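K.L.:
First the structure, then my questions, so here it is.
The values are calculated or read from the model by the stated rules, or taken from the named source; none is laboratory data. Quick caveat, the model's predicted, so the values are computed rather than measured. Cβ atoms come from the backbone with ideal geometry, glycine included; neighbour counts cover every protein chain shown.
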Number of protein chains: 2
Amino acid sequence: MPRNATATRDRLIKAANELFYGDGIRSVSMDAVAAKAGVTKRTLYYHFDSKDDLVAAYLTAQDQPTLAQFARWFDEIDGPLPEKVAGLFSHVATATQHPKWKGCGFLRTAAELASTPGHPALKAGAAHKKRFEAWLAAEIAAAGHNEAGTLARQIVVLLDGAVSMMLVHRDPSYIETAGTVAANLVTQDQTGGTANRAI
Amino acid sequence: MPRNATATRDRLIKAANELFYGDGIRSVSMDAVAAKAGVTKRTLYYHFDSKDDLVAAYLTAQDQPTLAQFARWFDEIDGPLPEKVAGLFSHVATATQHPKWKGCGFLRTAAELASTPGHPALKAGAAHKKRFEAWLAAEIAAAGHNEAGTLARQIVVLLDGAVSMMLVHRDPSYIETAGTVAANLVTQDQTGGTANRAI
DNA sequence: GTCTATAGCTTGATAGAC
DNA sequence: GTCTATCAAGCTATAGAC
């Protein structure tokens, strides 16, 4: 049993992640999170002021690992930009096959907490989605496209739509459909699509 | 106070709709639904076996009105198919400006109940989304396109993605972006885009 | 920092009268 | 079909000891 505050906090966030992502926010009790982390509820409330605070910490902790995962997928794929974009959707399609997959945690939290506009977890989720869009725009710009911002926005709409439809129908063909459209948008963008990023 | 069973049941579903859509499923109690409908909880449990049963009835009741609303919007718009599709997104963008708008009730329910796979409300939501896609495919086919099924699927992904991003960022420009992409997909589909639906 | 114990309230669902 | 009354369990959060 670690007596280190940071280690305990990390275990609490890890437990919160597994439970909140797995079962949803409101259906998971603070008792359950504390029990999963192996501490009492009093310790949980020592590290987090409230459940809302814990939910925000859980989503914030998912931000960087999620971005890193997408960046890894993107780097893995060889070939021109349209293929890299299509490959991103293929990787997502594969990930959704995992038995524990239950949609995008950021989108699901936005859906469940839609009635509490100022909630800190909603701000964390929106910030993550903006960071993802900005990362994608930077990758597209680096590949020599002038309309990188527009393309990135179109692609995130397709990606989040595909993930939403996958959650509803459990049919990965929606993701393939979206990936094809996204790749075509990149191909059709002729403002700089054929330019070389080198001097 | 109506003593008619159907009228009471309708009032209960109306109350459930306002509360479940407004605040989410798990944060609304059966007490709250009964109180909003002006009956006691015992009466609510006379009409519905359980909360899950009520949630499914709420979503099922939204199916036809939602489809009818989209069909009305679609009919209102004059012009060729790409303009009708773009206009559909514009109507959605306007609807999301309403202060009570809190995303797509079907998607939000799918998100909140993602941990209970066989839930009857999830089946009702998936059936609604399938019906919407089928309606759109039929409209596209009626306009003379051969790839109506593919186009409809691409458009629903864009529409649900746009609505999801609107819920996260509260920025209607995502819907306009998606509408432009959708209209371009219809325009680019040359398999029958210029054919006349008449003999 | 972590514990035991509990306050104070709300929940989904039911018993039984009329 | 609708009522009053209530159960047993769950909830978020806190008091106070060590």
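K.L.:
Please state which one of B:Arg72, B:Arg42, B:Arg9 is within 21 Å of B:Ala121 (Cα to Cα) and of a type in the set (Lys, Arg).
P.N.:
Details: B:Arg72 fails: within 21 Å of B:Ala121 (Cα to Cα); B:Arg42 fails: within 21 Å of B:Ala121 (Cα to Cα).
Step by step, each of B:Arg72, B:Arg42, B:Arg9 is checked, and only B:Arg9 is within 21 Å of B:Ala121 (Cα to Cα) and of a type in the set (Lys, Arg).
K.L.:
Now a separate question. Which condition number does A:Gln154 fail, the rest of (1) touching a residue at least 24 places away in the same chain (Cβ under 8 Å); (2) farther than 23 Å from B:Val181 by Cβ; (3) within 12 Å of another protein chain (Cβ to nearest Cβ) being met?
P.N.:
(2) is the only condition that A:Gln154 fails.
K.L.:
Taking helices (runs of 4 or more DSSP H) that fall entirely within the stretch B:1-111, which contain at least 1 residues that are within 16 Å of DNA strand C (Cβ to nearest atom) and either within 13 Å of chain A (Cβ to nearest Cβ) or modelled with pLDDT of 95 or more (or both)? Spell out the reasoning first.
P.N.:
Numbers: elements: B:5-23, B:30-37, B:41-47, B:51-76, B:81-95.
Passing ranges, in order: B:5-23, B:30-37, B:41-47, B:51-76.
K.L.:
Moving to a separate point now. Only one residue in A:Ala152, A:Ala162, A:Ala178 is of a type in the set (Gly, Ala, Ser) and under 14 Å from A:Phe74 (Cβ atoms). Which one? Don't jump to the end; show me each part of the working.
P.N.:
Values: A:Ala162 fails: under 14 Å from A:Phe74 (Cβ atoms); A:Ala178 fails: under 14 Å from A:Phe74 (Cβ atoms).
Being of a type in the set (Gly, Ala, Ser) and under 14 Å from A:Phe74 (Cβ atoms) holds for just one of A:Ala152, A:Ala162, A:Ala178, which is A:Ala152.
K.L.:
Do we find that B:Gly118 is of a type outside the set (A, V, I, L, M, F, W, C), more than 15 Å from DNA strand D (Cβ to nearest atom) and crowded, with 19+ Cβ neighbours inside 10 Å in this structure? Don't jump to the end; show me each part of the working.
P.N.:
On the way: of a type outside the set (A, V, I, L, M, F, W, C): yes; more than 15 Å from DNA strand D (Cβ to nearest atom): yes; crowded, with 19+ Cβ neighbours inside 10 Å: no.
No: the conditions fail for B:Gly118.
K.L.:
So, one more: If we keep just the residues of the stretch A:124-151 that are loosely packed, with under 15 Cβ neighbours inside 10 Å and over 14 Å from the mean Cα position of the chain (by Cα), which is nearest to the other protein chains (Cβ to nearest Cβ)?
P.N.:
Ranking the candidates gives A:Ala138 first.
Yes/no per residue for (1) away from DNA strand D (no atom under 16 Å from the Cβ); (2) out of contact with any Ser or Thr (no Cβ under 9 Å at 6 or more places or on another chain); (3) not aliphatic (A, V, I, L, M):
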site: B:Val28; (1), (2), (3): no, yes, no
site: B:Ala32; (1), (2), (3): no, yes, no
site: B:His47; (1), (2), (3): no, no, yes
site: B:Ala56; (1), (2), (3): yes, yes, no
site: B:Phe70; (1), (2), (3): yes, yes, yes
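K.L.:
Quick check, is B:Lys41 touching an Asp or Glu at 6+ places or on another chain (Cβ under 8 Å), within 7 Å of DNA strand D (Cβ to nearest atom) and not β-branched (Val, Ile, Thr)? Outline the logic, then answer.
P.N.:
On the way: touching an Asp or Glu at 6+ places or on another chain (Cβ under 8 Å): yes; within 7 Å of DNA strand D (Cβ to nearest atom): yes; not β-branched (Val, Ile, Thr): yes.
The answer is yes for B:Lys41.
K.L.:
Here's another thing I want to ask about it. For A:Phe20, only one of the following conditions fails: (1) of a type in the set (Phe, Trp, Tyr); (2) within 11 Å of DNA strand D (Cβ to nearest atom); (3) without any contact (Cβ under 8 Å) to a residue 12 or more places away in the chain. What is its number?
P.N.:
Failing condition for A:Phe20: (3).
K.L.:
Another one. Does A:His169 fit the bill of being over 12 Å from the mean Cα position of the chain (by Cα) and either over 18 Å from B:Thr150 (Cα atoms) or more than 10 Å from chain B (Cβ to nearest Cβ) (or both)? Give the steps one after another, and end with the answer.
P.N.:
Numbers: over 12 Å from the mean Cα position of the chain (by Cα): yes; either over 18 Å from B:Thr150 (Cα atoms) or more than 10 Å from chain B (Cβ to nearest Cβ) (or both): no.
Answer is no for this residue.
K.L.:
Regarding the stretch A:16-23, can at least one residue be identified that is surrounded by fewer than 19 Cβ atoms within 10 Å (Cβ to Cβ), under 18 Å from A:Lys129 (Cβ atoms) and of a type in the set (D, E, K, R)?
P.N.:
No, the stretch A:16-23 contains no residue that is surrounded by fewer than 19 Cβ atoms within 10 Å (Cβ to Cβ), under 18 Å from A:Lys129 (Cβ atoms) and of a type in the set (D, E, K, R).
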